[in-house]
1. Do you know which residues across the range B:1-56 are of a type in the set (Phe, Trp, Tyr) and crowded, with 18+ Cβ neighbours inside 10 Å?
2. Is one or more of the residues making up the range B:122-132 over 12 Å from the mean Cα position of the chain (by Cα), surrounded by fewer than 18 Cβ atoms within 10 Å (Cβ to Cβ) and more than 13 Å from chain A (Cβ to nearest Cβ)?
3. Does A:Gly172 qualify as being over 15 Å from B:Leu168 (Cα atoms) and touching a Lys or Arg at 6+ places or on another chain (Cβ under 7 Å)?
4. Which condition does A:Gln109 not pass, out of (1) part of a helix (DSSP H, G or I); (2) over 30 Å from B:Ile107 (Cβ atoms); (3) touching a residue at least 40 places away in the same chain (Cβ under 8 Å), if it passes all the others?
5. Condition first: over 20 Å from B:Asp130 (Cα atoms), surrounded by fewer than 21 Cβ atoms within 10 Å (Cβ to Cβ) and facing chain A (nearest Cβ under 9 Å). Now tell me which residues in the range B:143-176 satisfy that.
6. Regarding the range A:29-52, can at least one residue be identified that is within 14 Å of chain B (Cβ to nearest Cβ), without any contact (Cβ under 8 Å) to a residue 24 or more places away in the chain and either within 12 Å of DNA strand D (Cβ to nearest atom) or charged (D, E, K, R) (or both)?
7. I'd like to check which helices (runs of 4 or more DSSP H) are fully inside the range A:1-105 and have at least 3 residues that are more than 12 Å from DNA strand C (Cβ to nearest atom).
8. Quick check on my filter: what residues within the range B:70-87 are touching a helix residue (DSSP H, G or I) at 6+ places or on another chain (Cβ under 7 Å) and of a type in the set (Gly, Ala, Ser)?
There are 2 protein chains.
Amino acid sequence: MSGRKQFDVDAALDQAMRVFWQRGYADASLDALGSATGLGRGSLYGTFGSKDALFHRCLERYAALYGARYEDAFAAHPGDPVRGVEAFFEVVLERIADPSLPAGCLIAQSAAQSPTLTRESGERVRGLLDRQHRRVRAALADSSSAGPGTLDELATFVVAVNQSLAVLSRAGASDTELRSVTRLACATVARSLAGPAPGHPSPA
Amino acid sequence: MSGRKQFDVDAALDQAMRVFWQRGYADASLDALGSATGLGRGSLYGTFGSKDALFHRCLERYAALYGARYEDAFAAHPGDPVRGVEAFFEVVLERIADPSLPAGCLIAQSAAQSPTLTRESGERVRGLLDRQHRRVRAALADSSSAGPGTLDELATFVVAVNQSLAVLSRAGASDTELRSVTRLACATVARSLAGPAPGHPSPA
DNA sequence: GCCATCTTGGACCGATCGGTCAAAGATGTG
DNA sequence: CACATCTTTGACCGATCGGTCCAAGATGGC
């Protein structure tokens, strides 16, 4: 049966994305991807070309989907980066708590497996982390009382904490545990933006 | 050739551990484990029983090896938990910076892949994270000006940051980036131990 | 020196991997 | 209705997976 495409490409990408998200690139077999999307190998290869290309599409889709939500969270608190970061973490925590979604985070998952991926894929993941860094940094710079170095470090810190939430949630950490991590992280951001660190006087 | 065992079990475990560490459980093939250890399948199965059992032995060995170093780091600063945590992160950073070792951390790696492991293995990994939590908590409690709740949250925070270092390093983050994360984390610990957080007054 | 015992390397097993391909059916154009 | 074009299904490919097994060789007790 055919003639014209029988399925919605974006819906298929959503399902494939979840398989990569849940099992990682290597453990996401074409059989698993096929049954999750309801597609045969012919359709998968005819549409996407290869497992690698499908993975890239899924990465892009994931980044676009949740990247937009992160943007919204920051944008909801213009001029107030601390509230922005809180809202950002809230989005992450709600995604993690959603039982209809795999645990963790596709980017973190892929970053952890980066050395076992194609060099190309590894660089792509690194690029996505950089995008996240720039996004956070831009939000933090919104009330630029801090120097550019501090801004970079804080953004790296927020990205790092975000990755840690993914790892811990995959290990089975509770929402409560995760929230204590974000609470402390937010306090750190607030302190660092309010004034230089005590004990280690900032050169800025 | 044989009669008596021809190889050192611990040395073989060291090599196998690195393979799991570098590639993760699923991607660590028996061929890779065999060539890394220099052992044939007969020796591997005769000594360890199965890939899963070998993995467990490697987890234990990893936890024992680096757990001891963490203990040392904390023990080197009795009564000074902040310095203890700094020393702890220093051990982690040096291990990550060591080019003769795989990137990241075997525990973090396994935690991220936890949902794809045996239920048994997943629980084991969770147990190792708990052990790390208890270790950090005990060190923090050394100068117990903080309540037990705060202690738990801080220990979770330190464990979380440790996991984030593993993920970021595997994605190719530089030592400098990693150090800004630990610097901010240490400042957070110092602040929380010195007094309750501002803005969010602690109930303790 | 004989022999039970153990270890070792490698052949081998069925299952599964990512990927290809051809046959068959559906479609739009003329 | 005929036909070129496209999609889909599922059989099939070689490679590799984790795991088993056995023949050959080394060992120590007697």
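None of the figures in this text is laboratory data; all of them are computed from the coordinates on show. All figures in this text were calculated on a predicted structure; none of them were measured in a lab. Positions of Cβ are generated from backbone atoms using ideal geometry, with glycine treated the same way; all protein chains shown enter the neighbour counts.
1. Answer for the range B:1-56, where residues must be of a type in the set (Phe, Trp, Tyr) and crowded, with 18+ Cβ neighbours inside 10 Å: B:Phe20, B:Trp21, B:Tyr25, B:Phe48, B:Phe55.
2. At the first step, the residues of the range B:122-132 found to be over 12 Å from the mean Cα position of the chain (by Cα) are B:122-124.
When the remaining residues are screened for being surrounded by fewer than 18 Cβ atoms within 10 Å (Cβ to Cβ), the result is B:123.
Next, from what is left, pick out any that are more than 13 Å from chain A (Cβ to nearest Cβ): none.
No; the residues of the range B:122-132 include none that is over 12 Å from the mean Cα position of the chain (by Cα), surrounded by fewer than 18 Cβ atoms within 10 Å (Cβ to Cβ) and more than 13 Å from chain A (Cβ to nearest Cβ).
3. Details: over 15 Å from B:Leu168 (Cα atoms): yes; touching a Lys or Arg at 6+ places or on another chain (Cβ under 7 Å): yes.
So A:Gly172 fits the description; yes.
4. Unmet condition: (2).
5. B:Gly172
6. Pass one, the range A:29-52, residues within 14 Å of chain B (Cβ to nearest Cβ): A:29, A:32.
Next cut, without any contact (Cβ under 8 Å) to a residue 24 or more places away in the chain only: A:29, A:32.
Then drop every residue that is not either within 12 Å of DNA strand D (Cβ to nearest atom) or charged (D, E, K, R) (or both), which leaves A:29.
Yes, the range A:29-52 has at least one match.
7. Details: elements: A:9-27, A:30-37, A:41-48, A:51-75, A:81-97.
Where helices (runs of 4 or more DSSP H) fall fully within the range A:1-105 and carry at least 3 residues being more than 12 Å from DNA strand C (Cβ to nearest atom), they are A:9-27, A:51-75, A:81-97.
8. B:Ala73, B:Ala76, B:Gly79, B:Gly84, B:Ala87 - these are the residues of the range B:70-87 that are touching a helix residue (DSSP H, G or I) at 6+ places or on another chain (Cβ under 7 Å) and of a type in the set (Gly, Ala, Ser).
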